[in-house]
Ligand code: PMT
């Protein structure tokens, strides 16, 4: 479906491919979309404000300290106005600025202040693109949630051949179409998700409990990634210092049983992602008063199993979500153990999490995971930030729901 009536903010960067921004503006305008532009100082070396304004039929913004521009529309409003922001071409230098969170001119300030998706369209010499520093920047920016298209392989303006050529205006236009179509489908389907996060506490008495070191980070990131896609998301979390983003309905619980009750109340949903480190067992007896040291039986605490929440969801006859995704924290036989949990709990996907190393897992910013589907196909993700893993899970969720297939492609 062709896009129309969208508000696109194009930031024109400083590279020879800047001239192609004019073609993209023309395509967007031809399809009745509104386009505003920011021309960076180096972008101005390649295209003129006059040519840009002639095509957009509106002012070309250039300077953050331009009082006329700020009166007309300030940098915050400019970022709020847009449905999507595109940086074209995105140079290696510009990527570095974004990685550092710079706000040194209008373009970088608008981006830092933005609450919208930002599409980067890299274009540079092949050596610059494959340089470790650039690739590291790409990884960081993907972690931050920036979208990318290209670069493509081809002959570059400098005469060299390789990866670094900017995607064509047609390719970018079709990327934008797909982006908005996906958003429309999600909106029309009115998708709902629940995510569990954090630890649970199982009390022996009013002050002592059994728990684990889960911080809630992974679950919070997943809730944010799903919500960013436009999915109505409820986050059910055990004790955590984190606070969730606006738009995510958050229920705080303490025990596994409370988590189970909240999950039940949340049904029906289309998607359930269970990232919580739910305590598998709880003390059979909880003393109402603090147990005296002299009365403690140091040899044993009697425990009973907690209800398995993800299994309850996976085997739910009445309200089984279309997609049930479990996690499996393992210190050995990662994929084998995780896959048997997938089977046992009737999940569609399981995120096998290697928690054998100190630099990832519970209470870390990183996880090392393999995502396994119900046919046994495995997608390995090396040690990565939890935000990065959350984005991948959200994309998989979307693909599965939109093509109605529970296995990997
Ligand atoms: O919170 P962070 O510090 O960011 O750490 C994230 C994490 C390491 C906790 C997370 O990435 C993770 O791996 N979560 C699963 C931890 C776990 O308890 O795994 P498990 O193998 O014991 O449980 C398997 C699955 O069953 C999980 O989806 C779990 O949520 C679910 N479960 C377990 C017990 C229970 N009673 N009910 C459940 O739903």
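Some notes on this structure:
- The mean sequence separation of alpha-carbon pairs under 8 Å and at least six residues apart, normalised by the residue count of the stretch 152-195, gives a relative contact order of 22 percent.
- Within the stretch 279-378, antiparallel bridges make up roughly 60 percent of the DSSP beta bridges whose residues both belong there.
- Panel order for 375, 114, by other beta carbons found within 10 Å of each beta carbon, from fewest to most: 375, 114.
- Rh by Kirkwood over Cα pairs, then Stokes-Einstein D for the stretch 7-186 at 0.692 mPa s and 37 °C, µm²/s: 201
- log₁₀ of I(q)/I(0) at q = 0.20, 0.23, 0.28 Å⁻¹ - the stretch 179-243, Debye sum with one point per alpha carbon: -0.78, -0.90, -1.10
- Helix axis angle, 132-144 relative to the chain longest principal axis, alpha carbon, degrees: 60
- Crossing angle, helix 334-345 versus the chain [Cα axis fit, 0-90 degrees, rounded to tens]: 70
- Taking N as the residue count of the stretch 190-408, its C-alpha radius of gyration divided by 2.2 N^0.38 Å amounts to 1.02.
- Spatial extent of the stretch 52-144: Rg and Dmax, with the Cα atoms as the point set, Å: 14.4, 42
- Between the helical axis of 20-30 and the longest alpha-carbon principal axis of the chain there is an angle of about 80 degrees.
- Highest-first arrangement of 27-35, 344-352, where packing means the average Cβ count within 10 Å: 344-352, 27-35
- When every Cα-Cα distance of the stretch 262-370 is counted in 5 angstrom steps from zero, the calculated P(r) takes the values 2, 11, 17, 17, 15, 14, 11, 9, 4, 1, 0 percent.
- Percentage relative contact order, the chain, counting C-alpha pairs under 8 Å, at least six apart: 11
- Computed over the chain with a Gaussian network model linking Cα atoms closer than 10 Å, the most mobile of 368, 201, 80 is 80.
- The GNM of the chain, with springs linking C-alpha atoms under 10 angstrom apart, assigns the highest mean-square fluctuation among 130, 296, 271 to 296.
- For the stretch 7-97, the share of alpha carbon pairs falling in successive 10 Å distance bins from zero is 17, 53, 29, 1 percent.
- Globularity index of the chain is 1.15 (Cα radius of gyration / 2.2 N^0.38 Å, N = number of residues).
- Relative contact order (percent, whole number), the stretch 7-186, Cα cutoff 8 Å, 6+ residue spacing: 22
- DSSP finds beta bridges in the chain, and of those with both partners inside it, around 30 percent are antiparallel.
- The tail of the calculated P(r) for the stretch 325-402 beyond 18 Å holds 36 percent of all Cα-Cα pairs.
- Taking max minus min of the alpha-carbon positions on each principal axis, the stretch 82-205 gives extents of 72, 37, 29 Å, largest first.
- At 1.567 mPa s and 4 °C, Stokes D of the stretch 1-58 from Kirkwood alpha-carbon radius, µm² per second: 114
Just so you know, all these numbers are worked out from the coordinates, no wet-lab data involved. Predicted model only: the values in this text are computed from it and were never measured. Glycine also receives a Cβ, built like all others from the backbone with ideal geometry; neighbour counts cover every protein chain displayed.
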